[in-house]
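Structure first, then comments.
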Amino acid sequence: MTPILFIEQVLNGLQFGVMLFLMAAGLTLVFGVMGLINLAHGSLYMVGAFAAAAVAGATGSFLLALMAALTAAAAAGALVELVVIRRLYARDHLDQVLATFALILIFSEGTRWAFGSFPLFLDLPGYLSGPVTLPGGIEYPLYRLTLIVTGLVIAAGLFWLISGTRLGIRIRAGESDREMIAALGVDISKLYTVVFALGAALAGLAGAMVGAIQSVQVGMGEPVLILAFVVIVIGGIGSIKGALVGALLVGLTDTLGGLLLPEVFKLFMETSAASSTGSALASMLIYILMAGVLIWKPQGLFGGQT
Amino acid sequence: MKMKTLLAAGCAAMLATASLADDHKVKVGMITTLSGGGAGLGIDSRDGFLLAAKLAGNDALEIVVEDDQRKPDIAVQLADKMIQSEKVDVLTGIVWSNLAMAVVPAATAQGKFYLSTNAAPSMLAGKGCNPNYFSVSYQNDNLHEAAGAYVKNAGYSKPFILAPNYPAGQDSLTGFKRLYGGELAGEVYTKLGQTDYAAEIAQIRASDADSIFFFLPGGMGISFLKQYADSGLDLPVVGPAFSFDQGILQAVGDAAMGVKNTSQWNKDIDNAANATFVEEFQKEYGRLPSLYAAQGYDTANLLLSAMEKADVSDADAFRSALKAAEFDSVRGDFSFAANNHPIQDIYVREVIKEGEVYTNKIIDTALEDHSNAYVEDCNM
């Protein structure tokens, strides 16, 4: 394997991790602040992608499409919070899992009803497509570089929002003691709606950005959702920092594992069998990583702090 | 006296209904995927099947359609329900091989006919074959074999091949290698359902491949092609029809232009049956038909042809009538091999744009009168 291939794969891992972070950040905020397990988070990712595809199809503008994804996902999130989620805070996690699972089905079939069963088209704009040459002669798709940068900027923005703004102070306070901040005159139910819509908007943005290089279709959110849960378990529930570190760890482990393990197996196995065994083991790697982290730190890497 | 008349009337009524039921009626249970991620394929299979039934206008054909949601357990429940309470004679419609494996052996063991509109796993073509099971589509390996033959004939000497790590994916690469037979630049199994192929594309770039063969059905293929087009790599791409079929081409867009793919059907196959099918399908549903729609259409026509010759209650006669396959296939020449899988031509198609619509045109024949590799293993 050449160093160029390795560096390219590290970049791929970073890009995957950064997108996972956008999913996991919303999930961990909602879980940390409101104590709510939201299985329908993947549906909001799908809503973002479909909104983007619809708007891009109508206007031809990728930026408008991204705005539409943000708005539609945030609106869907706020609506869901007001109509359904609001009634679930006091219930136990099993009820929340059941209700939000029902939401997945409603969102999936609703989307299929509105957009049909066939995947939609969402393409890259001309100015973001094609490869760029990085130092060292590495050819890397410009769009993926843009994803890495955008994701990191959003991560920085989120840290600032949580640690440096009034809304952030309220969010953190709501996480530690919701009765107390309610007593201090903060409208806790409005705060929850805002946090939920914020998480939804991040998921929707991720859906739209990833949808441009993958397929926009019903059910696209669920596989990502599982990985996002792995990320917050590794990072520690409720921690944005944990979500970022966990997402990058998962992204890099997954990408590099898929590359390296078949190579390792090829040293002592026949090529075809090695690539099949190696990739089977590689797909388990992130769960092995998760198990390892949990043995070492049962609360996750940054659990118990924000 | 009154009692006697009543009894006589009752008996007459019973006889009447019995003879009605006996009047060559065939009840078909169609289990297919109509909701969730893979719904497009099931909907096309169903629409093609129903179109053929409608055009035939045969009142003796009764069809029940149910949605398996792509879940094997639900498919099994539906099959049980259709056999036990709906009393169907024929089952059909399943898109996915894992669902077919869950339903077909049990259904044929209970004496029902199963006509496959798509799924055709090798397990049911070789040792697990059954006289009551007919695949109207292909054997799962066929299109991959054709791709292998095409790559070899086109003079490529170092293809890079990839498929998801599950039975159909492994069958796919095996099928490709069976008729390609040369050296490979690389062979990679991806995760099933994977949507990010950056890592694999980087590996292709690092290898000295001169072409790419991939089997990535549905959304996986869309993702791969879009990312491949964006990577700046420019090797010729070959694949089976699944990633280039009418239902998903619009979602892939320009990234698919010029790609060669193998299929036993395309809308430009020149025969009267196909012309009628393509025209009527567009008239009925307002879209171009796909491979799956064509397979559904042929399946219904095969069934109708058998109904004309034999009564379904006479299983042996009905089976021979199916096996004779005397219907006008939209594919042209069509017959069954000894293991009830098609002998047919497999074509090479190229993705083109007609106006605003992405579609395929046939550019070559990859394999003529091609059967499958499992005929020998089947004893029936």
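The values are calculated or read from the model by the stated rules, or taken from the named source; none is laboratory data. Keep in mind the model is a prediction, meaning the values are calculated, not measured. Positions of Cβ are backbone-derived with ideal geometry, glycine not excepted, and every protein chain shown enters the neighbour counts. Ligands, DNA and RNA are stripped out before the accessible areas are found, and what is left, the full protein with its side chains, is counted by its heavy atoms. Shrake-Rupley method; radii C 1.70, N 1.55, O 1.52, S 1.80 Å.
A few notes on this one:
- Share of pairwise Cα separations in the range A:177-269, more than 17 Å, in percent: 68
- Peptide B:201-213 has a mean shielding of 3, counted as Cβ atoms of other protein chains within 10 Å of each residue's Cβ.
- Kirkwood estimate for chain A, i.e. one over the average of 1/r between Cα atoms, Å: 20.2
- Rounded tilt (10° steps) of A:221-235 against the dominant C-alpha axis of chain A: 80
- Peptide B:243-252 shows a mean partner chain C-beta count of 3 within 10 Å per residue C-beta.
- The range B:50-115 and the range B:330-380: distance between their alpha carbon centers, rounded to Å: 24
- Sites listed here are trypsin sites (Lys or Arg not before Pro) in the range B:29-94 whose DSSP assignment is loop and whose Cβ has at most 14 other Cβ atoms within 10 Å: B:Lys87.
- Cα-based helix-to-principal-axis angle, B:2-22 vs chain B, degrees rounded to 10: 20
- Scaled against 2.2 N^0.38 Å for its residue count N, the alpha carbon radius of gyration of the range A:1-139 is 1.30.
- Buried accessible area, chains B and A (both chains, 1.4 Å probe, Å² to nearest 100): 3000
- Interchain or long-range residues, amide H under 5 Å from B:Asp345's placed H: B:Asp369, B:His370
- Value of D in µm² per second that Stokes-Einstein yields for the protein assembly as shown, Kirkwood Rh from Cα pairs, at 37 °C (0.692 mPa s): 122
- Counting only lysines at least 8 places from B:Lys87 when in the same chain, those with an alpha carbon closer than 24 Å to its own are B:Lys25, B:Lys27, B:Lys54, B:Lys71, B:Lys112, B:Lys309, B:Lys323.
- log10 of Debye I(q)/I(0), alpha-carbon scatterers only, for the range B:75-142 at 0.19 Å⁻¹: -0.64
- Distance between the pseudo-spin-label points of A:Ala156 and A:Met180 (7 Å out from Cα toward the beta carbon): 3.3 nm.
- Size-normalised alpha-carbon gyration radius of the range B:141-285, reference 2.2 N^0.38 Å: 1.07
- Taken over the Cα atoms of the range B:196-240, the convex hull encloses 63 Å³ per residue.
- Whole-percent carbon and sulfur share, accessible surface of the range A:77-226, 1.4 Å: 69
- With all pairs of different C-alpha atoms in the average, the Kirkwood value for the hydrodynamic radius of the range B:175-217 is 11.8 Å.
- Cut-off of 10 Å, at most 16 other beta carbons, DSSP loop: longest stretch of chain B lacking such GluC sites (Glu not before Pro): B:184-325
- The residues of the protein assembly as shown have, on average, 39 Å² of accessible surface per residue, using a 1.4 Å probe with all protein chains present.
- Counted over chain B, the DSSP beta bridges are approximately 35% antiparallel.
- Chain B pair-distance distribution - Cα-Cα, 20 Å bins, rounded %: 29, 55, 13, 3, 0
- For the range B:250-380, the Kirkwood hydrodynamic radius from C-alpha pairs, put into Stokes-Einstein at 20 °C and a viscosity of 1.002 mPa s, yields a diffusion coefficient of 131 µm² per second.
- Separation of alpha-carbon centers, the range A:172-248 and the range B:206-234, rounded to whole Å: 32
- Percent breakdown of C-alpha pair distances by 10 Å bin, ordered from the shortest bin, for the range A:251-306: 25, 37, 24, 11, 3
- With a cut-off of 14 Å on the backbone N, the residues of the range A:225-245 near the modelled label site 7 Å out from A:Ser163 along Cα-Cβ are A:239-245.
- Taking packing as the residue-averaged number of other Cβ atoms within 10 angstrom, the listed peptides A:132-144, B:218-230, B:258-270 run from highest to lowest as B:218-230, B:258-270, A:132-144.
- Across the range A:70-132, counting alpha-carbon atoms alone, Rg and Dmax equal 17.0, 51 Å.
- With every protein chain in place, the range B:75-214: carbon and sulfur % of accessible area (1.4 Å): 52
- With a Förster radius of 30 Å applied to the beta-carbon distance between A:Ala58 and B:Ile352, the computed FRET efficiency rounds to 0.70.
- Remark: mean inter-chain Cβ contacts per residue of A:109-121 equal 5, using a 10 Å Cβ-Cβ cutoff to other protein chain atoms.
- Inter-label distance for B:Tyr166 and A:Leu134, nm, one decimal - labels placed 7 Å from Cα along Cα-to-Cβ: 3.2
- Nearest 10 degrees, 0 to 90: helix B:272-285 Cα axis against chain B principal axis: 90
- The Kirkwood hydrodynamic radius of the range A:103-200, based on inverse pair distances between different Cα atoms, is 17.8 Å.
- Sum of side-chain charges, B:Asp141 neighbourhood, beta-carbon under 9 Å (Lys, Arg +1; Asp, Glu -1): -1
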